[in-house]
Structure formats: structure tokens, C-alpha cells
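Student: Encoded as C-alpha cells, here's the structure I'll be asking about.
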Amino acid sequence: MFPETEPASAARVVLIDDEEMVRLSMEQALQLAGIAVEAYDSAEAALPAVTRDFSGIVVSDVRLPGRDGLELLADIRRRDPELPVVLVTGHGDIAMAVAAMREGAYHFIEKPFVNDAFVEVVRRALEKRALVTENRRLRSALDRGDAPGGAVERCLVGQSPAMRRLRDDVASLASAAADVLVLGETGAGKEQVARALHEGGARAAKPFVAINCGAIPESMFESEMFGHEAGAFTGAGKRRIGKVEHASGGTLFLDEVESMPLALQVKLLRVLQERRIERLGSNTGVPVDLRVVAATKEDLDALSEAGRFRRDLFFRLNVVTLTLPPLRERREDIPLLFERFLVQAAVKYQRPVIEVPPSLRRSLMLADWPGNVRELKNAAERAVLGFLSPDLAGAADAAPGLDALLDRVERLVIEDALKASGQRIAEAARALGLPRKTLSDRMRRLGLSAGD
């Protein structure tokens, strides 16, 4: 059995080799690449580090005193078949390599090896482990009916610099009473931002009421928003509580707020200013305690200049503005999002979670996704049901090499971090969790310099 648990920590490599110089060399190569390492000289010494919630991988020499690498592999496979084990040997034993791969080793490396190739194998293994760990958390959360981590992390998925900054902003605003305007393209996930603000703050136990302002007929809008008294109009047989009043104590989310009729914008402005509503057919004001989160894909400032949106309402909504980047500007988040959607779809449709081959991942990351996160989620559901888009399936064959794709994504991430840090390399390195030298080396390899 695994040791019970350990405090949550970043993914790391447990490295095992009984030759001190070789062990130090591999440890240094990984550390220079920004990868956390714990080094041991035997399998017996290393195993206590591989706890039940271990989120890293194991790299082990085959020839070890006591329990050798193949025995270690068998032991780990019995405990966790999805934990990647990379085996290393200096003996050129092809039969042993074949046996190890058949037994479930993630990769088999022969000494001497090029450090860059070794680091790349470890990176891929860590990436696979991260996806497995995330899928397990999601399955467990869905089984329990909740979700892993805090509300903000649950609602806003992604490790790109842009999403990390957005999560920080949302976390700092969640407990504040300020109204918020969310900007973003169709399908980018603006409602998820609103939910993160709601669930991450003191109003989480109260109602979250979402209204799509573009989906309600103008003739019904006032009744839907503010409710009505019995007899207020033909067919109004009894009092009806409107959505604004229903949201009292919680959060009112106004999606596509640019679609709200001008005549009703005046009444919304009054609600925002006075925190009171009047039902149709009544002259009595009803106080409401709510936070308003409005979302739009349009430039409300430009619309107000053109007379298509009330300028006073724009100023009232524009207390705090959060911008949600489109998926094409955070491509490094696509694999994690797609894997999460696969798990959700598998649970929804009672189907197994499918494996994502490298060719499909390349296709996913190269696609433009004009429908953003919503389109990606639909693609995941189709994949689980066996109807993956032919465009995506076919694009895998025409995709460029993995190295070129990774360089492209890495360049975007580094450029984003440099921009956010004001072109200061040391600050960008801290934001990316990399040693300064590692970031500088990668920038040179990609032809980047501060100020580009």
C-alpha cells in the first residue's frame, strides 16, 4: 500500500540511481529545466515519497542494489497503473527494454543520453501525470456532486498567465460588493466568471440568477425582470416574483446586456442605483440586496456613443471590468480543458473516458475555436460519443511536428509573461515558476529578447 498522504505539493520527479555522479548529473539537468527533483540511491529509500496523492513521476535506473528497477516498476504498477515510470539503463539490454515496456514502463532510456532528450521525456511524462491527476479529481468531484479546489479554481480552468491573472482578480473581488462588467467573445466562458465571483464570496449560499437579455421577447422583458401583481395585465392571474427579486441576497447575472431594450435600461439603472424594484401593477417599492454581474461581447462605450446603449447605464455597470481572453490567446489551456470536458461528458453519457493521442492534441491546439470554450466542450462531447469532427480528426495528419507546436505555445506563454512584467525577465521568470537562467536560455532558443 502507498503511505497514507502527504501535504499537497507541486508535481515533481522522484529520481533513483545508486551511482552518485550519474544521479547528480540527471538531477542537475532536470533542475536547470525548472523541474523539481527528489533524488535517492535505492528504491527502498524512494518509495515513502510516492504517497497516495503523489502527483509526479518516477525515474529509476534498472540496475539497483536490493529491489531493482523492474521490481520497482511492478510494485508501482500494482499500486497505481497510471503513474508514469521512466527506466534508465547503461547496459544496452534490448530484451530488458522490451520487457519493461510490456510491463507498463512509460519510457526506457539508454545511457549515455542527451540531456535535452532526457528532459523532454520527463516533461511529457509529467504532462501525462497532470492530466491523469486532474481527471481523477474531476471524477471524484462529480461523484460527490462538488468540485476540487476552491470555487474560483473550479470555475476558471487554465494555467496560462492570462487565466492565472484572471483568477487572482476574481478571488480579490469575490467578497466585495462591487458590481462587475465581464468582457469576452461568444462562448469564452463569461458566465463561469460570474459564477466564480458568486461562489467564491459570501453570497455563495444564496441564489445565482442568470438572465440572457437577448433571449427574452421585449414584450415579456419587464415582467420577467421585475415580476407582476395579480391583474397587472390580461392573463396575470396571480402575483409573480421577477428574476431580480428572486436574486435578492445573491447574484444577478445579465448576459448579453447590450441586447436589453433601451426602455428597460432606464429601469435597470434605477435598480442599480436604488436597489429597489416595483412589480408591474404595483406602486410599492421592494428592496433587493444583490450583486450585479453584467456580460457583453460588444464595446458598450462605442454602443453608447452610437445611441444604442444608455451612457449612464454603461458608467454604472463599468465599476470594475474583467476581460476574459478568447481560447486562441491561451492555447496552452486547451489540453487541460479538453480532458476535463471529456471526463464530464463520460459521466454525463455513461461512456468511458477516451485517450487523447498526440496527433489529436496537436489538432486541438492548432484550431482557431471561433466558438471558444463552448465549441471545445461540444467537441469533447462528440468525441466521447464517437462523432469527433472530421476536420479535427483529419487535421492531425497535416499538423506540424510536436516540437514546432511546443515552441509556438512556449513562445506565446513567454511573450505574455514578459508583457505582464513590463519586459522584466526576472519578474517574468517568477510568474512562470522558472529559474531566471532557464527562462533566458529558452528565450535565446526561441529568438526572443525583452522588449520584442
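Student: Can you run down the residue pairs with Cβ atoms below 7 Å, 6 or more apart or on separate chains, where the first is in the stretch 113-136 and touching a residue at least 24 places away in the same chain (Cβ under 8 Å) and the partner is surrounded by fewer than 18 Cβ atoms within 10 Å (Cβ to Cβ) and among the charged types (D, E, K, R)?
Tutor: VAL132/GLU82
Student: Spot the failing condition for ARG340; the list is (1) open to solvent by 70 Å² or more (accessible area, probe 1.4 Å); (2) within 20 Å of PRO161 (Cβ to Cβ); (3) charged (D, E, K, R), and only one is missed.
Tutor: All conditions are met except number (1).
Student: Which ones in the stretch 230-264 are more than 29 Å from ALA204 (Cβ to Cβ) and either part of a helix (DSSP H, G or I) or at pLDDT 90 or above (or both)? I'd like the intermediate steps shown before the answer.
Tutor: Pass one, the stretch 230-264, residues more than 29 Å from ALA204 (Cβ to Cβ): 230-238, 261-263.
Within the stretch 230-264, LEU262, ALA263 qualify.
Student: Moving to a separate point now. What pairs can you find where one residue is in the stretch 279-299 and in contact (Cβ under 8 Å) with a residue 60 or more places away in the chain, the other is charged (D, E, K, R) and in a strand (DSSP E or B), and their Cβ atoms are less than 6 Å apart, with a gap of 6+ or different chains?
Tutor: Listed by first residue and then by second, the contacts come to ALA295/ASP255.
Student: Let me ask something else. Please verify whether VAL356 is part of a loop (DSSP other than H, G, I, E, B) and under 18 Å from the mean Cα position of the chain (by Cα), treating the condition exactly as stated.
Tutor: Details: part of a loop (DSSP other than H, G, I, E, B): yes; under 18 Å from the mean Cα position of the chain (by Cα): yes.
Yes; evaluated as a whole, the condition is true for this residue.
Student: Now a separate question. Out of the residues in the stretch 168-185 meeting the condition of being touching a residue at least 24 places away in the same chain (Cβ under 8 Å) and part of a helix (DSSP H, G or I), tell me which one is least open to solvent (accessible area, probe 1.4 Å). Show your work before the answer.
Tutor: Step one: of the stretch 168-185, the residues touching a residue at least 24 places away in the same chain (Cβ under 8 Å) are 169-171, 173-185.
Okay, now just the ones that are also part of a helix (DSSP H, G or I), so 169-171, 173.
On the way: ASP169: 75, VAL170: 0, ALA171: 59, LEU173: 27 Å².
Here the answer is VAL170.
Student: Working only within the stretch 118-175, note down all residues that are of a type in the set (Asp, Glu), at pLDDT below 85 and over 12 Å from the mean Cα position of the chain (by Cα). Walk me through it before giving the result.
Tutor: Initial filter on the stretch 118-175 (of a type in the set (Asp, Glu)): 120, 127, 134, 143, 146, 153, 168-169.
Filter again for at pLDDT below 85, leaving 127, 134, 143, 146, 153.
Across the stretch 118-175, the qualifying residues are GLU127, ASP143, ASP146.
Student: ARG52 passes all but one of (1) modelled with pLDDT of 90 or more; (2) exposed (fewer than 15 other Cβ atoms within 10 Å of the Cβ); which number fails?
Tutor: If we test ARG52 against (1) modelled with pLDDT of 90 or more; (2) exposed (fewer than 15 other Cβ atoms within 10 Å of the Cβ), just (1) comes out false.
Student: Out of the stretch 280-302, which residues are in a loop (DSSP other than H, G, I, E, B) and of a type in the set (Ser, Thr, Tyr)? So that I can check it myself, show each step before the final result.
Tutor: Step one: of the stretch 280-302, the residues in a loop (DSSP other than H, G, I, E, B) are 281-285, 288-290, 297-299.
Listed by number, the residues that qualify are SER282, THR284.
Student: On to the next question. Going through the stretch 1-23 one residue at a time, which ones are surrounded by 13 or more Cβ atoms within 10 Å (Cβ to Cβ) and modelled with pLDDT of 60 or more?
Tutor: ALA11, ARG12, VAL13, VAL14, LEU15, ILE16, ASP17, ASP18, GLU19, VAL22, ARG23
Student: Same structure again: Given the conditions (1) of a type outside the set (Ser, Thr, Tyr); (2) at positive phi; (3) under 33 Å from the mean Cα position of the chain (by Cα), report the number of the one that GLY307 does not fulfil.
Tutor: The single condition GLY307 does not satisfy is (3).
Student: Does ARG78 count as assigned to a helix (DSSP H, G or I), at pLDDT 80 or above and open to solvent by 40 Å² or more (accessible area, probe 1.4 Å)?
Tutor: Values: assigned to a helix (DSSP H, G or I): yes; at pLDDT 80 or above: yes; open to solvent by 40 Å² or more (accessible area, probe 1.4 Å): yes.
Yes: the conditions hold for ARG78.
Student: Is it the case that ILE354 is surrounded by fewer than 20 Cβ atoms within 10 Å (Cβ to Cβ) and either touching a Cys at 6+ places or on another chain (Cβ under 6 Å) or not aromatic (Phe, Trp, Tyr) (or both)? Give the derivation first.
Tutor: Values: surrounded by fewer than 20 Cβ atoms within 10 Å (Cβ to Cβ): yes; either touching a Cys at 6+ places or on another chain (Cβ under 6 Å) or not aromatic (Phe, Trp, Tyr) (or both): yes.
Yes.
Student: Within the group ALA188, ALA194, ALA202, which residue is among the hydrophobic types (A, V, I, L, M, F, W, C), open to solvent by less than 30 Å² (accessible area, probe 1.4 Å), part of a loop (DSSP other than H, G, I, E, B) and closer than 25 Å to CYS155 by Cβ? Step through it out loud before you land on a result.
Tutor: On the way: ALA194 fails: part of a loop (DSSP other than H, G, I, E, B); ALA202 fails: open to solvent by less than 30 Å² (accessible area, probe 1.4 Å).
Going through ALA188, ALA194, ALA202 in turn, just one is among the hydrophobic types (A, V, I, L, M, F, W, C), open to solvent by less than 30 Å² (accessible area, probe 1.4 Å), part of a loop (DSSP other than H, G, I, E, B) and closer than 25 Å to CYS155 by Cβ: ALA188.
Student: Only one of GLU229, GLU218 is open to solvent by less than 50 Å² (accessible area, probe 1.4 Å) and touching a residue at least 12 places away in the same chain (Cβ under 8 Å); which?
Tutor: Working: GLU218 fails: open to solvent by less than 50 Å² (accessible area, probe 1.4 Å).
One residue alone meets the criteria, GLU229.
Student: Could you check GLY184 against (1) in contact with a helix residue (DSSP H, G or I) (Cβ under 6 Å, 6 or more places away or on another chain); (2) at pLDDT below 85 and say which number it fails?
Tutor: (2)
Student: Which one of the conditions (1) modelled with pLDDT under 90; (2) under 35 Å from the mean Cα position of the chain (by Cα) does PHE314 fail to meet, given that it meets all the rest?
Tutor: (1)
Student: Could you list, in sequence order, all residues of the stretch 413-439 that are farther than 12 Å from GLY34 by Cα, part of a helix (DSSP H, G or I) and over 24 Å from the mean Cα position of the chain (by Cα)?
Tutor: Quick first cut of the stretch 413-439, residues farther than 12 Å from GLY34 by Cα only: 413-428, 431.
Next, only the ones that are part of a helix (DSSP H, G or I) stay: 413-420, 425-428, 431.
Passing the criteria: ILE425, ALA426.
Student: Check off (1) among the β-branched types (Val, Ile, Thr); (2) at pLDDT below 85; (3) surrounded by fewer than 20 Cβ atoms within 10 Å (Cβ to Cβ) for VAL320 and give me the number that stays unchecked.
Tutor: Answer for VAL320: the failing condition is (2).
Student: Return the pair list, or none, for Cβ contacts closer than 8 Å from residues in the stretch 203-215 that are in contact (Cβ under 8 Å) with a residue 40 or more places away in the chain to residues that are in a strand (DSSP E or B) and open to solvent by 50 Å² or more (accessible area, probe 1.4 Å), at least 6 apart or on different chains.
Tutor: If the second residue must be in a strand (DSSP E or B) and open to solvent by 50 Å² or more (accessible area, probe 1.4 Å), no pairs are left.
The values are calculated or read from the model by the stated rules, or taken from the named source; none is laboratory data. What you see is a predicted model; the values in this text were computed from it and never measured. No Cβ is skipped: glycine too gets one built from the backbone with ideal geometry, and neighbour counts run over all protein chains shown. In case anyone asks, the SASA skips ligands and DNA or RNA and just uses the protein heavy atoms, side chains included. Shrake-Rupley method; radii C 1.70, N 1.55, O 1.52, S 1.80 Å.
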